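Visitor: First, the structure itself, so that you have it in front of you.
The values are calculated or read from the model by the stated rules, or taken from the named source; none is laboratory data. Here the structure is a predicted model, which is why all the values come from computation and not from measurement. Here Cβ is always computed from backbone atoms with ideal geometry, including for glycine, and neighbour counts include all displayed protein chains. Areas reflect the complete protein model, heavy atoms only, side chains present, ligands, DNA and RNA absent. Shrake-Rupley method; radii C 1.70, N 1.55, O 1.52, S 1.80 Å.
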Amino acid sequence: MPGWLRGVATALAVLIVLTAFVVAVLPRLLDCSYYQGPVSDHFDGTRFYNPDDRRAGAVRPRRFSFLRLAKFAAGMEREPWPKSVPVHPSTPPRRVAGDAMRVTWIGHSTVLVQTQGLNILTDPIWSERASPVSFAGPKRVRAPGVAFDALPPIDLVLVSHAHYDHLDLATMRRLWSRDRPRVVVPLGVDTILRGAGVPSIARDWGQRVAIAPGVGLVLERVHHWSNRTGPDRNRSLWTGFTLRLPGGNLFFAGDTGLGDGSWVRNAARDGPYRFALIPIGAYLPREMMASSHIEPNDAARIFRDLDASYALGVHWGTFQLSSEGIDDPPRALAAALAEDGVPAGRFRTPSPGEAWEVPPLRSSTR
């Protein structure tokens, strides 16, 4: 056999072995079992799922061709975003006492809530990329609205699920090293954090955690999914949170699609809500995103169905995860609220670092 032919045959054999490894072996190496427990209406003994997806008549997410997914991943179907947007960081007070509530949007789904003498962070991410690596993946275009070193001591951290733009291990390690906060997560996410040296409290939907006298948490069902390596899809749970407060409760939706809307009605029972953190971005193309991300019209509907007094729009304008323009979500939300006759000051989309002194709970918003 000629030398060049032997070279081709060797290369082909190596390619076949590598392909077999990628197809048959690599997924098993990357898969992880983060949680073991009894079967439930959203856990089949192996993976979690959205219960409304398995009900009769449920709309199934549309499957995309490999070419369409590749074009989307390459940014060929996305509105161009600027490489950076100026941010004017602020410095929050050390504490906010009593029923007063001060809320600062830091960026994406990271919010600092100060009330009852507690400093609370949601889905904290200070990293430059929402990615497992530092050299690739979605990069911030807006810096955090509060510098990490300007944060007051953090007492409570709420992590909604395991996606990299919500569970940032580098930030969690820094918070734990500095403040030793109480960290509350859905089932399975505690295993991921434990591997990073961060202890946490894991609970299922509907379960509660006492935080302080008169203050407690309820984990709420939302409609989403989870993964970190690909093959570990839905090995950990996703959740929203109700923080019960003397001055009126706070709802944090985490990351969610609308599904059949039943999760919103369930969460509304844990009101009255003085304040809600509702995602408004990463919603296009709808046929790809509808199952996991609500759009601004959905956000306005959820605000109304929760009967919340006030709300903040999150999950937009920080990491480019979808096709819409960088400032499309707040514009679309403003139009949806105007159509519903909701005053603009009740559901805001401030700049990162901008603080909001939230008014007291309204008697009724319906």
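Visitor: Quick one: angle between helix 296-306 and the longest Cα principal axis of the chain, in degrees between 0 and 90, rounded to 10, please.
Guide: 50
Visitor: Right, here's the next one. Once you charge only the Cβ atoms, +1 for Lys and Arg and -1 for Asp and Glu, what is the size of the charge dipole of the chain about its Cα centre, to the nearest 20 debye?
Guide: 520
Visitor: Using only alpha carbon pairs under 8 Å that are at least six residues apart, calculate the relative contact order of the stretch 212-333 and give it in whole percent.
Guide: 23
Visitor: Also: Here are a few candidate values for Cα extents along the principal axes in Å: (1) 69, 51, 43; (2) 86, 48, 41; (3) 83, 53, 40. Which one was actually calculated from the structure I just gave you?
Guide: Correct label, based on the coordinates given: (2).
Visitor: Next up: What do you get for the angle between helix 169-179 and the principal long axis of the chain? Use alpha-carbon atoms, 0 to 90 degrees, nearest ten.
Guide: Approximately 40 degrees, to the nearest ten.
Visitor: Could you work out the local net charge near Val85, counting Lys and Arg as +1, Asp and Glu as -1, over the other residues with Cβ closer than 11 Å to its Cβ?
Guide: Surrounding charge for Val85 is +2.
Visitor: Between the helical axis of 3-20 and the dominant principal axis of the chain, each derived from Cα atoms, what acute angle in degrees is found, rounded to the nearest 10?
Guide: 30
Visitor: Rounded to the nearest 500 deg cm²/dmol, what is the calculated helix-only ellipticity per residue at 222 nm for the chain, with -39500 (n - 2.57) per DSSP H run of length n ≥ 4?
Guide: Taken over the chain, the calculation gives -6500 deg cm²/dmol.
Visitor: Kirkwood Rh, Cα Rg: Rg to Rh for the stretch 306-353?
Guide: When Rh is taken as the Kirkwood radius, the ratio is 0.98.
Visitor: In whole percent, and with a 1.4 Å probe on the protein chains, what portion of the accessible area of the chain is carbon and sulfur?
Guide: 56
Visitor: Further question: If I stretch the segment between Arg95 and Trp356 completely, what's the gain in nm (0.36 nm per residue apart, minus their alpha carbon distance), one decimal?
Guide: 92.5 nm
Visitor: Right, another one. Out of the DSSP beta bridges found with both residues in the chain, what percent are antiparallel (nearest 5)?
Guide: 60
Visitor: When the solvent-accessible surface of protein heavy atoms is calculated with a 1.4 angstrom probe, in what order do Asp204, Asp327 fall, highest first?
Guide: Final ranking, largest accessible area leading: Asp327, Asp204.
Visitor: Per residue, how many Å² of accessible area does the chain show with a 1.4 Å probe?
Guide: Counting only protein heavy atoms, the per-residue value for the chain is 45 Å².
Visitor: Please sort 143-149, 231-237, 41-47, 312-318 by packing, taking for each peptide the average over its residues of neighbouring beta carbons within 10 angstrom, highest first.
Guide: So the order, starting with the most tightly packed, is 312-318, 231-237, 143-149, 41-47.
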